[in-house]
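J.: Shown below is the structure under consideration.
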Amino acid sequence: MGSAVATALLLFLAAFPAAFAVTFKVGDISGWTSNINYTDWVSGKTFRVGDTLEFIYGPSHSVSVVDKAGYDGCDSSGATQNFFDGDTKIDLTTVGTMHFLCPTFGHCLSGMKLAVPVLAAAPSPSTPSSPPSPPSTPSSPPSPPPSASPPTNGTPDSDTLTPPPTPLTPSSPNAASKGVMSYGIIGVTMILMYGLMT
């Protein structure tokens, strides 16, 4: 029984990873540094609007956001943003290719530059875009059924009570409804589920 639940959980997580935003550590364990082939690093990864790039680097490096011409020519003079803090997180907010380079002399020319193709955000679980329209009301109110009349002793009978209808409202645009979730939370959940099943 436990392995069936674990298998179902793993299949669910494997089927829906694109629905969650991802933080990519540029260069993985090496970080943003010299002597890394960032073209190879990008290969096989899918970047989407809503994801984040995290650049971790030492004091001899920095990050400049440039256009394609700046990227191709290793020229940061037209950079739209420059970062020097050693741990830079850049949210991917638009579809298209984003270009980054290290403006330290010689670093970009030796390969310290990155072109990231950004795709549209993955579709999130379906949420209503507008509340459903209310049912049409008849022109004259219906007469109450006999069981809906008040009891003779003044105390309502539990069989005749019906709860009021719950109003339908669209989901709030919180992080969960936008599909933003950390893979770390998923990993912890998987570990806890595995621990409970063994």
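J.: May I ask for the net charge around Thr52, where only other residues with Cβ less than 9 Å from the Cβ of Thr52 are counted and Lys, Arg are +1 while Asp, Glu are -1? Intermediate results must be reported in sequence, preceding the final value.
T.: Details: positive: Lys89; negative: Asp51, Glu54, Asp91.
Around Thr52, the surrounding residues sum to -2.
J.: Please say if region 66-109 is rounded, prolate or oblate, where rounded means a/c under 1.5 for a ≥ b ≥ c the square roots of the C-alpha gyration tensor eigenvalues, and otherwise the choice is prolate for a/b larger than b/c and oblate otherwise? Walk me through the numbers before you get to the answer.
T.: Values: a/c = 2.15, a/b = 1.15, b/c = 1.86.
Oblate.
J.: Here's another thing I want to ask about it. Enter the accessible area of Thr104 (Å², nearest 10), with the probe set to 1.4 Å and all protein chains included.
T.: 50 Å²
J.: Oh, and also: May I ask you to list the aspartates and glutamates whose Cα is less than 18 Å away from that of Lys113, ignoring any residue fewer than eight positions away on the same chain?
T.: Of all the aspartates and glutamates, those that pass the test against Lys113 - Cα under 18 Å, at least 8 places apart if same chain - are Asp28, Asp40, Glu54, Asp67, Asp72, Asp75, Asp85, Asp87, Asp91.
J.: Could you check how much of the accessible area of region 15-107 is carbon and sulfur, as a whole percent, using a 1.4 Å probe? Intermediate results must be reported in sequence, preceding the final value.
T.: Numbers: 2570 of 4850 Å².
About 53 percent, which is the carbon plus sulfur part of the accessible surface.
J.: What whole-number value in Å² describes the accessible area per residue of region 28-126 for a 1.4 Å probe?
T.: Per residue, region 28-126 has 53 Å² of solvent-accessible surface.
J.: Something else: Given 0.36 nm per residue, what is the gain on full extension from Lys89 to Leu109 after removing their alpha carbon distance, in nm? Show your work: numbers first, answer last.
T.: Numbers: separation 20, 0.36 × 20 = 7.20 nm, distance 2.33 nm.
Contour length minus the Cα-Cα distance gives 4.9 nm.
The values are calculated or read from the model by the stated rules, or taken from the named source; none is laboratory data. These numbers come from a predicted model, not from an experiment. So basically every Cβ, Gly included, is an ideal-geometry build from the backbone, and we count neighbours across all protein chains shown. Keep in mind that these areas ignore ligands, DNA and RNA; they rest on the heavy atoms of the full protein, side chains included. Shrake-Rupley method; radii C 1.70, N 1.55, O 1.52, S 1.80 Å.
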